[in-house]
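Heads up: the structure comes next, in structure tokens.
The values are calculated or read from the model by the stated rules, or taken from the named source; none is laboratory data. Bear in mind that the values here come from a model prediction, so they are computed numbers and not experimental data. Counting neighbours? That spans all protein chains shown, and the Cβs are built from the backbone with ideal geometry, glycine included.
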Amino acid sequence: MSSSPNPKPFRKTVGFRLTAWYSAIFIFSAILLFGFSYFYISASLKKQEHRAISAELKQLASLYAMGGLDYVERKVTAHRKFERDKPFLVRIGGPNNETQLLILPAQWMEFDIKQLERISCENGVTWTSLHGKNGKTALELATIRLPDQSILQVGKSVLERWKILEHFRRYFLLILAPLVVLGLAGGSLVAFRALRPIRHIITAVRSATLGKMDTRVASTGTNDELGELITLFNEMLNRIEMLIEAMRDSLDNVAHDLRTPMTRLRGIAEMALRSNQSVEECREALAECIEESEHILKMLDALMDISEAQMGAMKLNCERIDIGDVVNHIGEVYGYIAEDRGISLNIRSPKGIWVYADSTRLYQVISNLLENALKYTPRGGSIDVDAAADHNEIVIAVKDTGIGIPEEELSRIWDRSYRGDQSRSQSGLGLGLSLVKALVEAHNGRVSVSSRPGKGSTFTICLPAAKP
Ligand code: ADP
């Protein structure tokens with residue numbers, strides 16, 4: 001397993017991509033905003049110009065109506081002295097648009113005045129944009145036809161508008177460079193902050209791959225998706241650490257528990273190999289070896305089951321089961337053995353009590369308890385198996401009138417490989433009750449026992465009832 005990270009090209013990192021996206025969106029939004037403002041200002045200025053030209057047009061039209069061409073010329077020339085800054089172009093053409101009056105401010109001499117004669121006008125105001133010969137100036141021109149069919153034209157330079165807009169463009173270009181830097185800095189900051197929890201997770205995974213399972217990712221303190229990911233990730237690490245520890249313990253326990261039978265097996269084989277052993281003795285030793293190895297296999301199976309169930313790694317095929325079916329079936333199987341041993345076996349389990357469990361494992365649990373009851377109950381005794389529903393639980397009790405368990409042993413009978421003092425004469429591995437407890441707890445249930453030495457014992461298991 002390699003622990004050193006493969007160095008990735010920077011442009012392939014999520015951090016780079018986030019920065020690039022953020023910066024691009026930021027800069028694009030700034031340009032969009034500028035474009036929008038630019039066109040808005042430009043349109044507003046143009047509207048303002050049109051308004052000024054329209055006002056002038058209206059005034060000149062009424063002057064023309066009052067005193068004709070001369071009157072207009074006099075008034076305009078007189079006015080011009082006061083309005084040097086923004087003088088209007090004024091032109092009056094005959095019905096065929098031949099120039100009759102032209103008042104042209106000095107700075108507009110470069111315009112091709114001939115083009116004014118080519119502008120036709122029927123109803124209302126006709127707006128035209130005219131460009132100077134050098135292209136550096138432009139004129140916004142309004143044309144109307146007067147009641148006597150003459151043509152009145154008023155124009156105004158757009159130079160002022162152009163200057164304002166040019167300033168605007170120049171300032172934007174000036175702030176574009178800092179804007180790009182700001183976008184990149186913002187993008188990097190966002191990427192750095194957003195990816196911080198991910199970097200912590202990477203560090204934790206890296207130490208986990210090196211075998212340091214106690215590393216945890218520091219919480220972001222937020223309730224967002226990354227906060228949830230970190231919580232789940234830490235929970236997963238907790239579970240893995242727990243499983244590894246449980247596996248280590250199980251391996252130690254299995255190795256410890258198998259040491260005695262393995263030593264015994266080896267002893268039998270060594271004895272048989274001694275040179276002065278007869279064929280008959282060797283045969284006996286081999287038969288003992290087979291018996292011992294079967295014992296070891298059973299023990300191994302039970303130990304593996306207990307470990308799996310305790311670690312939560314046991315695969316349970318849970319389904320809705322009628323507990324009455326299970327108990328009655330087991331009663332039938334063990335009924336003959338009980339009869340053989342002179343023990344009365346009473347099964348009381350109504351049908352229709354449902355439990356959600358793995359049926360094979362449930363059979364194993366009840367059989368183990370019943371086998372123990374048969375083993376530790378002398379001839380003439382009795383065993384009662386009762387199953388009943390109690391609120392949200394199913395309670396199964398196996399009660400015998402056997403030898404009972406001394407008070408000081410009661411807490412230890414669930415331990416692996418523990419065998420009571422009085423039970424040494426009976427065959428057994430000391431694993432039955434540990435397996436029962438592990439299996440019941442794997443089904444989210446619990447076990448308990450009550451016993452009086454010489455009077456008998458009652459083993460009770462409670463399992464969650466299956467939902468209808
Ligand atoms: P084993 O029966 O193989 O010894 P178990 O784990 O099934 O192992 O039981 C552990 C111990 O609990 C037994 O050795 C015995 O001392 C005690 N025990 C279990 N069931 C009963 C019972 N029904 N009556 C009396 N003692 C029991």
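What to note about this one:
- Across segment 453-462, the number of residues qualifying as under 48 Å from the mean Cα position of the chain (by Cα) and either surrounded by fewer than 13 Cβ atoms within 10 Å (Cβ to Cβ) or within 9 Å of the ligand (Cβ to nearest atom) (or both) comes to 1.
- Extreme residue, farthest from His443 (Cα to Cα), among residues of segment 369-393 that are more than 11 Å from the ligand (Cβ to nearest atom) and surrounded by 18 or more Cβ atoms within 10 Å (Cβ to Cβ): Val385
- If the condition is being of a type in the set (A, V, I, L, M, F, W, C) and in a loop (DSSP other than H, G, I, E, B), then segment 415-468 contributes Leu429, Leu431, Ala466.
- Of all residues in segment 328-346, those satisfying the criterion of being part of a helix (DSSP H, G or I) and either under 52 Å from the mean Cα position of the chain (by Cα) or among the hydrophobic types (A, V, I, L, M, F, W, C) (or both) are Asn328, His329, Ile330, Gly331, Val333, Ile337, Ala338.
- Residue match in segment 354-361 (condition: in a helix (DSSP H, G or I), buried (at least 16 other Cβ atoms within 10 Å of the Cβ) and within 14 Å of the ligand (Cβ to nearest atom)): no
- Within segment 209-239, the set of residues being farther than 16 Å from Arg193 by Cα, assigned to a loop (DSSP other than H, G, I, E, B) and aliphatic (A, V, I, L, M) comprises Leu210, Met213.
- Condition check for Ile396: in a strand (DSSP E or B), under 30 Å from Leu297 (Cβ atoms) and either of a type in the set (S, T, N, Q) or more than 9 Å from the ligand (Cβ to nearest atom) (or both): yes
- Per-region count, segment 152-187, residues among the aliphatic types (A, V, I, L, M), surrounded by 14 or more Cβ atoms within 10 Å (Cβ to Cβ) and in contact with a Leu (Cβ under 9 Å, 6 or more places away or on another chain): 4
- Every residue from segment 409-452 that is more than 27 Å from Leu258 (Cα to Cα) and more than 9 Å from the ligand (Cβ to nearest atom): His443, Asn444, Gly445, Arg446, Ser448, Ser450, Arg452
- Candidates Ser451, Ser382, Ser425 - the one that is of a type in the set (Ser, Thr, Tyr), more than 20 Å from Ala309 (Cα to Cα) and free of Cβ contacts under 8 Å to residues at least 24 places away in the same chain: Ser425
Each row is one residue, and each column tells you yes or no for (1) at pLDDT below 85; (2) assigned by TED's automatic domain parsing to the domain that holds Val395.
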residue: Thr231; (1), (2): no, no
residue: Leu237; (1), (2): no, no
residue: Asp249; (1), (2): yes, no
residue: Leu265; (1), (2): no, no
residue: Glu281; (1), (2): no, no
residue: Glu292; (1), (2): no, no
residue: Met299; (1), (2): no, no
residue: Val326; (1), (2): no, yes
residue: Glu332; (1), (2): no, yes
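- Some residue of segment 83-95 being free of Cβ contacts under 8 Å to residues at least 40 places away in the same chain, assigned by TED's automatic domain parsing to the domain that holds Gly124 and under 17 Å from Leu152 (Cβ atoms): yes
- Any chance Glu339 is more than 30 Å from Asn253 (Cα to Cα) and free of Cβ contacts under 8 Å to residues at least 24 places away in the same chain: yes
- Within segment 203-226, being surrounded by 13 or more Cβ atoms within 10 Å (Cβ to Cβ) and without any contact (Cβ under 8 Å) to a residue 12 or more places away in the chain holds for Val205, Ser207.
- Residue list for segment 138-151, restricted to those being surrounded by fewer than 17 Cβ atoms within 10 Å (Cβ to Cβ) and of a type in the set (A, V, I, L, M, F, W, C): Leu146
- Among the residues of segment 399-408, those identified as outside any loop (DSSP other than H, G, I, E, B) and more than 8 Å from the ligand (Cβ to nearest atom) are Lys399, Glu407, Glu408.
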